[in-house]
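Here is the structure we will look at.
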Amino acid sequence: MDVVLLSRLQFAAATMFHFLFVPLTLGLAVMVAVMETKYVRSNEEIYLRMTKFWGKLFLINFALGVVTGITLEFQFGTNWSRYSAYVGDIFGSLLAIEATMAFFLESTLLGVWIFGWKKLSKKVHATIMWLVALAGNLSALWIIIANGWMQHPVGYTIRNGRAELDDFMAVVTNKFAILQLFHTIGAAFILSAFVVMGISAYHLLKKNRTDFFTRSFRIGLAFGVVATLFVAIEGDMHGVHVTETQPIKLAAMEAHWETTRQAPIHLFAIPDEQNGKNKVEIGSIPGLLSFLGYHDFNAEVRGLNSFPKEQRPPVLITFLAFRGMVGLGTYFVLIMIIAWIRRNRLLESPWLLKAMVFSIPLPYIAIELGWVLAEVGRQPWIVYGLMRTSDAVSPIVGPQVLTTLIGFILLYGLLGAVGFYLIYQHAVKGPKGEVN
Amino acid sequence: MDLQMIWFFLWGLLWAIFFITDGFDLGIGTLYPFLGKTDTDKRIMINSLGPLWDGNEVWLITAGGVTFAAFPAVYAVMFSSLYSALMLILFALILRGVSFEFRSKIGNPGWRKVWDTTIFIGSFVPALLFGVAFANIFQGIPFDRQGVYHGTLFTLLNPYGLLGGLLFLLLFLQHGALWLTIRTEGALQERAHKTAAVLWLFLLVAAVLFLAASKYYTKLYDNYLAHPLLFLLPVTAVLALAATRLLLKKKSYMKAWLASALTIVACTFFGVAGLFPNLFPSSLNPEYSLTAYNASSSPMTLKIMLVVVSIFIPIVLIYQIWAYKLFSDKVTEEDLAYEEAY
């Protein structure tokens, strides 16, 4: 049994499952903090109900995010021990900083927030929610600096047979990581906006508590419009930087085989990885890839065939993940703009409300595709250009990993089923109390 | 004190804090089916740790993260060697965490019974296995020069390992029962009080056996013979344990819990001080052992991380102590009526 493949599957399963819950907590924490602040300022009961209703949704997601996060940290040691020993000097410190600086704050204060309604003044209680939201996003910062280092390692030297820290500031200000951070947090806010708007739309369609859900919808909308436009612009900058730092990933994203000027983008293609070409290409737009990569329609873009086969990532997955992510992202911008135009006529726009309900799963798909693109597109490297994934795995045996992989699938399957059932039930039931 | 030595003791300290914080959560989760006679009892037990367990668990993540940052080679070999045991702990902790959340959301008795079971399993398994793992580290783990582990999960379940597991389990059970005496009242509090008193006797026996067995199964006492002052650690453990019993009798519950916390810290440091400079000794050949010196990060990383923890760990302690003070009052039936309660 292939330990590398099994360990990769296990890490992928654990990460992707973790990431079904965490993005919503990043954005929703801020929205709940906004709602609670409105409550403190206006003293209107409706904002208290909003804080509690959306807060509960946040809590279920948070619980699932927390418990599935621990296994991620420990898997570097259990399954990727050669990697841990080789880069722990840098990578390990980033994870440790995340725990001490951010995760402690979030976890401790969230407990205080849940149980502290009667013990704390309104102002202190709302402040705690802001700190929880801040800490959650600060966690994301450190985790993505760590991942950004795997994508584009900086600030190290090879000494004593391993990568040692050489310039801490270079690691922290890694441009790749910062672009990735904005991209991920922006995406998390988009997802949160869609969830809040989608659940609100469901109730608005039923004319259920229209005041409550119109206000909620608009808070989601404000975040959604800003976040979609932000991610669209930022995604473009990220693309340019990937071209510069990970040219092989860029070529795989676009199934671009031959080095050419005026490189095209294919709306759809079926890559033939054996023969180094595309079997099918549909809707090719000349020069667009050159423009996306270099902001110049004439620029030369290196093709996959100019790199040795053993340095190329799986092209089909990378290509499709990128297509799906960008396609969905374009849809997000459009529907947010439409929703913005119709924001004062929501009840008269049932088609929009229906579209919002059915759109709830889409940002989840987009955000998972984004991770697939980032991680699969980086293969065969675990640290781009520095360490191969196949050299990183622990000296353990296949059956051991297979057992835990099955364990993960069963346990996470159970948690996912129960978790989403509870989320669904809470969302459909709507808020407590008599508020309209 | 050099950098490596400082980090070695910080490493021990972080594990000790994890054991005194999440230790009582694990203890309560294990006592849960035995002390919780009614659904109200059970909910009071869960809510007694409800606001705190999550922040407590972060000490585990930090202990793991600091092992990774300061001693990457230990992190790599320890976690891949103890693969099955660690995965069992993680699966159990996942179950425990979601069980609190899931159980509270639906009132159906059958539903609650399912999560009652997982709370017990999710608490008992880690409480036992942490002890098994650490006792095995004290006596040495069969791994070679390349860090490859020559054994299975069952290799760890040897007499000394199991004794360590039993000791940790009893420490956590007593610690949990004492926390319940602080946060509950009436019949449940009385049961918790009696349980703590009975557990104390078993704990005393287990602790004495463990201290004696360590003489035969481990080399921990070598450091003690070289530096006799270190004997203050096991002496502190025994005195703190005695104090726990006296304070319990006087119904000074918070003080008894603190004495129990001191017992746990002293027990952890009994092992840590005996291990030094080994972090992860090999039972195949002492030359393969990973020490604070041959397994540490670069001086630059150790220094940067020292600055980070010197700033943030005290801050964490301040707000966690604040949270503990906020939630050290009695959990009443009235509290259970709030919609936020578990």
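Read the figures in this text as sums done on the coordinates, not as results from a lab. Owing to the predicted nature of the structure, the values given are computational and were not obtained by experimental measurement. Backbone-built Cβ (ideal geometry, glycine too); neighbour counts: all protein chains shown.
Where is the GNM fluctuation largest for chain B (alpha-carbon springs, 10 angstrom cutoff): B:L230, B:L290, B:L241? Its mean-square fluctuation being the largest, the pick is B:L230. Loop-resident trypsin sites (Lys or Arg not before Pro) (DSSP state other than H, G, I, E or B) in the range B:174-273 with no more than 12 further Cβ atoms inside 10 Å of their Cβ: B:K250, B:K251.
For A:D167 and B:L229, a Förster radius of 45 Å and the Cβ-Cβ distance give a FRET efficiency of 0.60, rounded to the nearest 0.05. Of all lysines in the structure, those lying under 19 Å Cα to Cα from B:K249, and not within fewer than 8 positions of it along the same chain, are B:K194. Loop exposure criterion: GluC sites (Glu not before Pro), DSSP state outside H, G, I, E and B, at most 13 other Cβ atoms within 10 Å. Applied to chain B, the longest stretch between such sites is B:1-184. Label point of A:K207 set 7 angstrom out along Cα-Cβ; within the range A:351-375, no amide nitrogen lies under 14 Å from it. Mean separation of Cα pairs under 8 Å and 6 or more residues apart, divided by the residue count, gives chain B a relative contact order of 27 percent.
Remark: relative contact order (the range A:3-427) = 20 percent; criterion is Cα-Cα distance under 8 angstrom and separation of 6 or more residues. Rg and Dmax, both from the Cα atoms of the range B:39-164 and both in Å, are 17.2, 55. A compact globular protein would have a Cα radius of gyration near 2.2 N^0.38 Å; the ratio found for the protein assembly as shown is 0.98. Pairwise Cα distances in the range A:245-288 exceed 12 Å in 60 percent of cases. The stretch between A:T259 and A:L72, if pulled fully straight at 0.36 nm per residue, gains 63.5 nm over its current Cα-Cα span.
With the convex hull constructed from alpha-carbon coordinates only, the range A:288-343 shows a mean projected area of 5.4 nm² over all directions. Using a Gaussian network model of chain A in which every pair of alpha carbons under 10 angstrom is joined by a spring, one finds that among A:V315, A:V112, A:V154 the greatest mean-square fluctuation is at A:V112.
Note on chain A: helix-only mean residue ellipticity at 222 nm, from DSSP H runs of 4+ residues weighted -39500 (n - 2.57) and normalised by residue number, equals -24500 deg cm²/dmol. Arranged from fewest to most other beta-carbon atoms within 10 Å of their beta carbon, B:I106, B:I313, A:I145 become B:I106, B:I313, A:I145. Residue pairs exceeding 20 angstrom between C-alpha atoms, taken from A:K119/B:K42; A:K207/A:K429; A:K123/B:K330; B:K42/B:K113; A:K119/B:K325; B:K37/B:K113: A:K119/B:K42; A:K123/B:K330. Fraction of C-alpha pairs exceeding 28 angstrom in chain A: 53 percent, rounded to a whole number. Remark: spin-label model distance A:W117-A:L386 equals 4.8 nm, labels positioned 7 Å along the Cα→Cβ axis. Evaluating 6.51 cos²θ - 1.76 cosθ + 1.60 at θ = phi - 60° for every residue in the range B:174-189, the Karplus couplings come out as 5, 4, x, 4, 5, 4, 5, 5, 6, 9, 10, 9, x, 4, 5, 5 Hz, glycine and proline recorded as x. Using only alpha carbons, the range B:217-284 has a radius of gyration to Kirkwood radius ratio (Rg to Rh) of 1.12.
A Förster distance of 25 Å, applied to the separation of the beta-carbon atoms of B:V205 and B:F34, puts the FRET efficiency at 0.80.
Taken one residue at a time, the phi angles of the range B:191-201 give Karplus couplings (6.51, -1.76, 1.60, θ = phi - 60°) of 4, 4, 4, 4, 4, 4, 5, 5, 4, 4, 5 Hz. Gly and Pro are set to x. The trypsin sites (Lys or Arg not before Pro) found in the range A:31-118 that occupy coil by DSSP, while having at most 10 further C-beta atoms within 10 Å, are A:K118. A Gaussian network model of chain B, with springs between Cα atoms under 10 Å, assigns the largest mean-square fluctuation among B:L279, B:L169, B:L239 to B:L239.
Estimated from the Cβ-Cβ distance and a Förster radius of 56 angstrom, the FRET efficiency linking B:Y324 and A:E348 is about 0.60. When you filter the trypsin sites (Lys or Arg not before Pro) in the range A:205-272 for DSSP loop state and at most 14 other Cβ atoms inside 10 Å of their Cβ, you are left with A:K206, A:K207.
Please work out the Kirkwood hydrodynamic radius for the range B:3-337, using every pair of different C-alpha atoms, and report it in angstroms with one decimal place. When all Cα pairs of the range B:3-337 are included, the Kirkwood radius is 20.5 Å. With a length cut of 30 Å (Cα positions projected on each helix's long axis) and a Kyte-Doolittle mean of at least -0.5, go through chain A and give me the DSSP H helices that pass. Qualifying helices, which must be both long enough and hydrophobic enough, are A:3-42, A:45-78, A:122-151, A:175-205, A:210-245, A:315-341, A:398-429.
Helix content alone sets the calculated 222 nm mean residue ellipticity of chain B: runs of n ≥ 4 DSSP H residues at -39500 (n - 2.57) each, divided across all residues, give -26500 deg cm²/dmol. If one takes the longest principal axis of the Cα atoms in chain B, at what angle in degrees, from 0 to 90 and to the nearest 10, does the Cα axis of helix B:72-81 lie? Roughly 70 degrees between the two axes. How big is the Rg/Rh ratio for the range B:1-105, C-alpha atoms only, Rh by Kirkwood, two decimals? Ratio value, two decimals: 1.07.
Close amide H partners of A:W80, meaning residues 5 or more places away or on another chain with modelled amide H under 5 Å apart, are A:S394.
Take every DSSP beta bridge whose two residues both sit in the protein assembly as shown; close to 95 percent of them are antiparallel. How much net charge surrounds A:S349 when only the other residues with a Cβ under 13 Å from the Cβ of A:S349 are counted, with Lys and Arg +1 and Asp and Glu -1? Net charge in that neighbourhood comes out at +3. Among the residues of B:46-56, the average count of other protein chain beta-carbon atoms within 10 Å of the residue beta-carbon is 4.
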